[in-house]
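This report refers to the structure that appears directly beneath it.
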Amino acid sequence: MNDRTKDTSRRDFLKTAAVAAGAAGALSACGNHSLGTDEPSDPQPDGLPITVAGYAYDRLQPLIDGRVTIEGCTLTYQKGGISDLNNHVFQGPQTIEVTEIGLHPYMLAFANDGFRGYSLLPVFPLRTFRHKSIFIRTDRGIERGEDLRGKRIATPGYSSTSLTWIRGILADEYGVTPEDVEWVVTSKAVDATAGETSKQEKMVPEGLTIHQGPPGKDESDLLVSGEVDAVFHASEPRAYVERHPIVDRLFTNYRQVERDYFTATGIFPIMHAVAVKDEVIEANPWFPEAVFKAYAKAKQMNQLMLQNLGWAMVSLPWAGAEFEETRELMGDNYWPYGIEPNRKTLETLFRYSHEQGLASRRLTVDELFHPAGLELSESVS
């Protein structure tokens, strides 16, 4: 079976899953995007009452169901989509003490808007490789990354973390800069899985050829109609899921391309971080370390489950083999928390944002993360 046949088979699965799940996308399984879906964990008597918000990833499940607690706290987990969480932090009401947040939107709020009030900890609930996120019309002569030069590319918004990574990788790996492309920016007020798009995800820099997409059409519509040549998309555009005959990934063998990228660079792109309310830290100096340890323990418990029971608990026939191959390539702690294992990845995104005219300056780790988080590291057995 060749790469394109493999990709078509995956699209068959995606189409079936979309029908079964209402095409809500992979993250919709993490819960309704609207804030207010609370799952109380087993409380600690007389603990500090806090709300933790984010998606319901497998690596957070022990924290959500109460097997892991934040020491000294009574915890309620509130499921929410990332754009809604961004807005909650940047615009208010800021009632959540610990929240998942888009890393690049936070960078833009911090550097451009002078935002303060929440500080980052080096906990990264979502990260993913991004070569898989470039979709093309197969009738436009696009065979390699370099072939995107001079093309019209549609994106849902412009300055999200995922899109910033894609543009940066395209420039670093294939020599195609944002100036080499004609951009068509579509927008939706509300995304089914992420919520209401934040201001920081809609920033558009000066000096580029950028058009606003026509009303009533999203990036998938534009790709099918032929108004654009390619789409950058955090998940899969509708036209791809529905197996439109002229829509495909640029890198049909993206798994190998992304493995080669990691081998060459050591970068596992970070999408989301964890932000903690500053006034809680000021009143409870022990809090950042307690939060970090809880997230790390939950993740480690999940990885132990994947190692020992993945073959039985995950509904994929070769889940165990995938886990083994990932550890062989990326190391036992292939999803690390803490600054030092992630410094190169963070500094690469800082560079991309400034080079793309988004962040007003090139940020540093020391200014973006809370001082208490700079020395935190995992105890990995």
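Based on the alpha-carbon gyration tensor of the range 196-273 and its eigenvalue square roots a ≥ b ≥ c, which shape applies: rounded if a/c is under 1.5, prolate if not and a/b is larger than b/c, or oblate?
Because a/c hits 1.5 or more and a/b fails to exceed b/c, the range 196-273 counts as oblate.
Taking the Cβ of THR164 as the centre, find all other residues whose Cβ is under 11 Å away and add up their charges (Lys, Arg: +1; Asp, Glu: -1).
Result for the neighbourhood of THR164: +1.
Using a cut-off of 14 Å between beta-carbons, work out the net charge of the residues near PHE287 (Lys and Arg +1, Asp and Glu -1, PHE287 not included).
Charge balance near PHE287 sits at -4.
Name the residue, out of ALA111, ALA230, ALA53, whose mean-square fluctuation peaks in a Gaussian network model built on the chain with Cα pairs under 10 Å.
For the chain, modelled as a Gaussian network with Cα springs under 10 Å, the answer is ALA111.
Taking the Cβ of MET203 as the center, what net charge do the other residues with Cβ under 15 Å away carry, scoring Lys and Arg +1 and Asp and Glu -1?
0
Going by the alpha-carbon gyration tensor, a ≥ b ≥ c the square roots of its eigenvalues, is the chain rounded (a/c under 1.5) or, if a/c is not under 1.5, prolate (a/b greater than b/c) versus oblate?
prolate
Arrange SER119, SER220 by Cβ neighbour counts within 10 Å, fewest through most, would you?
SER119, SER220
Per DSSP H run of n ≥ 4, the term is -39500 (n - 2.57); total these for the chain, divide by its residue number, and report the mean residue ellipticity at 222 nm rounded to 500 deg cm²/dmol.
-11000 deg cm²/dmol
Would you mind classifying the range 153-251 by shape? Square roots of the alpha carbon gyration tensor eigenvalues, ordered a ≥ b ≥ c; an a/c under 1.5 is rounded, otherwise it is prolate if a/b is larger than b/c and oblate if not.
rounded
None of the figures in this text is laboratory data; all of them are computed from the coordinates on show. In this text the structure is predicted, and so the values were computed from the model without any measurement. Ideal geometry is used to build each Cβ from the backbone, glycine not excepted, and the neighbour counts take in all protein chains shown.
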